[in-house]
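This report refers to the structure that appears directly beneath it.
The values are calculated or read from the model by the stated rules, or taken from the named source; none is laboratory data. Everything quoted here is computed from the prediction, not taken from an experiment. Here Cβ is always computed from backbone atoms with ideal geometry, including for glycine, and neighbour counts include all displayed protein chains. When the accessible area is computed, the model is the full protein with side chains, heavy atoms only, and any ligands, DNA or RNA have been set aside. Shrake-Rupley method; radii C 1.70, N 1.55, O 1.52, S 1.80 Å.
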Amino acid sequence: MKKIKLKIKWPGMKIQKSIGIDLGTANTLVYHKQKEEIVLNEPSVVAVDKETKKVLAVGQEAKDMLGKTPDHIIAVRPLSEGVIADYDITEAMIKYFIKKVFGKYNFVLPEVMICVPIEVTGVEKRAVLEAAISAGAKRAYLIEEARAAALGSGIDISAPEGNMIVDIGGGSTDIAVISLGGTVVSKSIRTAGNNFDEDIIKYIKKTHNLLIGEKTAEQIKIQIGTALALSEEETMTIKGRDMVTGLPKPLTITSAEVLEAIEDSLMEIVTSVKQVLEKTPPELSADIVDKGIVMAGGGSLIRNFPELISKHTHLPVKLSTGPLESVVIGAGIALDKIEVLRKIEKAER
Ligand SMILES: Nc1ncnc2c1ncn2[C@@H]1O[C@H](COP(=O)(O)OP(=O)(O)OP(=O)(O)O)[C@@H](O)[C@H]1O
Ligand SMILES: [Mg+2]
């Protein structure tokens, strides 16, 4: 019997699937380009069996298991401080998220753009790309968080103009000056949103002899945290464990105290921004004077943080629209701009 080859053509129809992934220390987000929406937002947590090393759960499910599991199950944050702390687990996580977005039976292989911090090593980059390919991607690309944040903040990074972006995440702050699609000057530091929480814990321990947890510290930061003194003081009552009696005790803390606690970390970020400005070529500095600095990332949401940076740099500073989402949206946009993005890592199956 003669074999007949069937060729089906759908004129004008091109099925495409592309996603951007923001592999954050705290949360992983996935942006579906064709749907134009964020389709996944889950904690970057993996639950692992300590003995067999088997991955038991990923994302929200893994986070919910935290503290409620037998001893041999541990919850791992594979991306601590914005770098890949555990490669195998990171790979499992990428696979899980891609599968979750596209389902088990995925006939059209997706194109994937993944964001990584500026200072990830070459080996780590290859590892992430390979993880995406083995998770079912047709092509995978990497882009630094700062460039993605700029794109997602609506900045035209292909223009021959200097743009400065400061992305303050949970584990790292990435500062970059971008022009003609490339990063001209950049700096990444390990001081970011989560450090403010640690500062608050230390401060309350030292000045009030009270132990509080990370969650409470984050709530304090979000509710009454500020980067500049407020004209009207705000307060918040929290509960902790008295270090002397060992008993639970309430405490009312003021916004001025929170500022005192986090001031050094805030200033570390300000100093790094100034260092990047000092290294910026004059022509590009002139553009930044006109256009100002754009801030993104959850850490930039502390009240008056743009004002603090503006005070010390004498430049206009504004928050990007949707600071928690600009990186992942930018990753999605980057898939359309591969040709203008200079230096982009790529892997193909
Ligand atoms: N309203 C808010 N005010 C202050 N801080 C906030 C607010 N909302 C979120 N944050 C902080 O933002 C940080 C998380 O930001 P983001 O989601 O951008 O980080 P990430 O992308 O996961 O981390 P990284 O980019 O370092 O890998 C956390 O420290 C969180 O406490
Ligand atoms: Mg981030």
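Worth pointing out:
- Choice from 117, 70, 323 showing the highest fluctuation, given a GNM over the chain with Cα pairs closer than 10 Å: 70
- Spatial separation of Cα centroids for the range 248-273 and the range 108-145, in angstrom: 36
- Comparing 332, 240, 292 in a Gaussian network model of the chain (Cα springs below 10 Å), the most mobile by mean-square fluctuation is 240.
- Quotient of the Cα radius of gyration of the range 89-202 and 2.2 N^0.38 Å, N being its number of residues: 1.23.
- Rule-of-thumb Rg ratio for the range 152-250 [Cα; 2.2 N^0.38 Å; N residues]: 1.52
- Residue 229-residue 278 FRET efficiency (beta carbon distance; Förster radius 30 Å; 0.05 resolution): 0.65
- Between residue 56 and residue 290, the C-beta separation translates, for a Förster distance of 41 Å, into a calculated FRET efficiency of about 0.20.
- Mean ellipticity per residue at 222 nm, deg cm²/dmol - from DSSP H runs of n ≥ 4 across the chain, formula -39500 (n - 2.57): -11000 deg cm²/dmol
- With the gyration tensor restricted to C-alpha atoms of the chain, the semi-axes of the equivalent ellipsoid amount to 38, 29, 15 Å, longest first.
- log10 of Debye I(q)/I(0), alpha-carbon scatterers only, for the range 251-349 at 0.12, 0.14, 0.15 Å⁻¹: -0.56, -0.72, -0.81
- Label positions at residue 205 and residue 100, each projected 7 Å from the Cα along the C-beta direction, are separated by 3.2 nm.
- Ligands, DNA and RNA left out, the 1.4 Å accessible surface of the chain is 52% carbon and sulfur atoms.
- Taking label positions 7 Å along the Cα-Cβ direction at both residue 222 and residue 74, the computed distance is 2.8 nm, reported to one decimal.
- Computed as a quarter of the hull surface, the mean projected area of the alpha carbon convex hull for the range 158-319 stands at 9.4 nm².
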